[in-house]
1. Among the residues of the stretch 175-189, which ones are outside any strand (DSSP E or B) and more than 15 Å from the chain's Cα centre (by Cα)?
2. What's the number of the only condition in (1) modelled with pLDDT of 90 or more; (2) open to solvent by 90 Å² or more (accessible area, probe 1.4 Å) that I170 fails to meet?
3. For the stretch 1-20, enumerate the residues that are surrounded by 13 or more Cβ atoms within 10 Å (Cβ to Cβ) and either in a helix (DSSP H, G or I) or modelled with pLDDT under 90 (or both).
4. Residues in the stretch 37-50: is at least one over 15 Å from the mean Cα position of the chain (by Cα) and part of a strand (DSSP E or B)?
5. Output the residues belonging to the stretch 150-181 that are closer than 25 Å to R140 by Cα and without any contact (Cβ under 8 Å) to a residue 24 or more places away in the chain.
6. Of a type in the set (G, A, S), open to solvent by 30 Å² or more (accessible area, probe 1.4 Å) and touching a residue at least 40 places away in the same chain (Cβ under 8 Å), is that true of S34?
7. Using the structure shown, decide if L90 is open to solvent by 60 Å² or more (accessible area, probe 1.4 Å), over 18 Å from A126 (Cα atoms) and in contact (Cβ under 8 Å) with a residue 60 or more places away in the chain.
Amino acid sequence: PIHEGKLRVGVLVSQLTTELRLSGLSGPVGFQPSVHYQLKTTNVFLGEKYQLISLVEPGTEEYGSIERGLRDHQITGGMLDATDPEALKLLDVIVLGHNYALTSRLLDAVTEAIEGGVGLYHEGHAGTEFPGARDPKVCRLLLTETMSLYHTPGRHNLPMPATVVGGHPIIAGVPLGSTLTIAGCGPVFVPLPTAKVLIVKDDPVSPQD
């Protein structure tokens, strides 16, 4: 059952992601992302106001590692088929964390739900290994003409200054021109003209970077 009065947060856990080894673009070469690694994003959704619902690929719902990971991260509010756009439209927010490999069917379903009004919380990793960061389906989901990944030289996630350039209820009370300190590593976007950018890093990432 979907509980009224709570934010219905669907969290994706991808069995396909656990079966790959990173190429070095998304993270350390040869690293194999576990279910627990994918779900660490859920730490920001703890509390009574959230109903955490797992999103799984068909046929993987009874995998032991997935069941154990979901219990350990207290994602006990139910389970939905991540490739069913009508089911995803029951949610308030979809969380895509460290899900490096996503099928076209799953990307299509999530995109349809987001374009239908469901919110998206995205960590910058979804689909970056497969089908790839520059795949048209990944770019469409993220409102970007093209996308790449950037790692700060010398130190992982070196803090970088950024400036608030747009207003939105999600950052209500943060004045335009405010300076924030954010993690340096992450996705690099060339946003579509229809996208509204709220916060921009002060130091641009050049093509040779």
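1. Of the stretch 175-189, the ones outside any strand (DSSP E or B) are 175-178, 183-185.
Answer for the stretch 175-189, where residues must be outside any strand (DSSP E or B) and more than 15 Å from the chain's Cα centre (by Cα): P175, L176, G177, S178, A183, G184.
2. With respect to (1) modelled with pLDDT of 90 or more; (2) open to solvent by 90 Å² or more (accessible area, probe 1.4 Å), I170 is out only on (1).
3. Correct list: I2, K6, Q15, L16, T17, T18, L20.
4. Yes - at least one qualifying residue is present in the stretch 37-50.
5. Correct list: P169 only.
6. When the stated conditions are applied, S34 does not pass them.
7. It is true that L90 is open to solvent by 60 Å² or more (accessible area, probe 1.4 Å), over 18 Å from A126 (Cα atoms) and in contact (Cβ under 8 Å) with a residue 60 or more places away in the chain.
Per-residue answers, yes or no, for (1) loosely packed, with under 12 Cβ neighbours inside 10 Å; (2) closer than 27 Å to A133 by Cα; (3) touching a Ser or Thr at 6+ places or on another chain (Cβ under 6 Å):
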| site | (1), (2), (3) |
| --- | --- |
| G47 | yes, no, no |
| L70 | no, yes, yes |
| H73 | no, no, yes |
| T76 | no, no, no |
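The values are calculated or read from the model by the stated rules, or taken from the named source; none is laboratory data. Please read all numbers here as calculations on a predicted model, not as lab measurements. Quick reminder, even Gly has a Cβ in these numbers, built from the backbone with ideal geometry, and neighbours come from all protein chains shown. Just so you know, the surface numbers come from the protein's heavy atoms only, side chains and all, with ligands and any DNA or RNA stripped out. Shrake-Rupley method; radii C 1.70, N 1.55, O 1.52, S 1.80 Å.
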